Each structure stands twice: as C-alpha cells, then as structure tokens.
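Written out below as structure tokens is the structure these notes cover.
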Amino acid sequence: MVKPSQRLLDSVTKNNLWFYILSLLSKKDMYPYEIRDKIKKIFGFEPGNVTAYFVLYRLEKSGYVKSGKTLKKGGPERKYYKITEKGKNELKKGKEILRKTIEKRMI
C-alpha cells in the first residue's frame, strides 16, 4: 500500500510535470535531456524518458512551448524548447493556484 504522503508527493510532482517543465523553460530554452536533468537536480524527482517527451509534445501541441532546432558544435542537430507567452500565463496561473491552495489549507 502506498503511503498517503507518497501519493501527495506524486500528485504535486510527477502528475504535474508540465508545471516543472514550464518553470524551467521560463528561465532559459532547454533540450529535453537538460530538462530531465534539471528536474532531478532542482526538484528531486526524475521523470521517465517517455513521460517527459510526451508532456513536451502535449505542451507544444497546446501552444505552451515551441520547439526549434540548433546545430551543436561538431555534432548533430538538436531540438530545444522555449516557453511561449501562453505558457508563461499558464505557469503564472499554476503558481497562483498552488499559493492559494497552500494558504487556504494550512491550519
């Protein structure tokens, strides 16, 4: 049986990966591998490879991020992602929801 605290942690991390991706992309454009690495280092959990790509795909399809390609010195073309204005607005809404939820729920 999964502990309630673990379910809460999964709910605010893995189940809302979009929030962490947009948060990182609001600081700078990144490659998918870099996004996964930063999530692990900064937020303390590692999203699965397929999950991360799927969330990026959905974010791009919905207009929250935009992808581009760039040449890596001496290497192949790489795909990077950047946040759009729509994505910045959604991230702002997400932060506000979390802030209000925490404030209202704290006893």
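Laboratory data are not the source of any read-out in this text; all were calculated from the coordinates shown. Quick caveat, the model's predicted, so the values are computed rather than measured. Cβ atoms come from the backbone with ideal geometry, glycine included; neighbour counts cover every protein chain shown.
A few remarks follow.
- Mean residue ellipticity (222 nm) of the chain, computed from DSSP H runs ≥ 4 via -39,500 (n - 2.57), nearest 500: -17000 deg cm²/dmol
- Pairs from the table (LYS3/LYS93; LYS27/LYS61; LYS38/LYS79; LYS3/LYS61) lying more than 23 angstrom apart at Cα are LYS3/LYS93; LYS3/LYS61.
- For LYS104, the aspartates and glutamates whose Cα falls under 13 Å of its own Cα, not counting residues fewer than eight places away in the same chain, are GLU96.
- Pairwise Cα inverse-distance average, inverted: Kirkwood Rh of the chain (Å): 15.0
- Net length gained if the chain between SER5 and THR51 were fully extended (0.36 nm per residue, minus Cα distance): 14.3 nm
- Point-charge dipole on Cβ atoms (K/R +1, D/E -1) for the stretch 4-105, about Cα centre, debye to 20: 220
- Packing around the peptides 17-26, 47-56, taken as the average count of other Cβ atoms within 10 Å per residue, puts them in this order, highest first: 17-26, 47-56.
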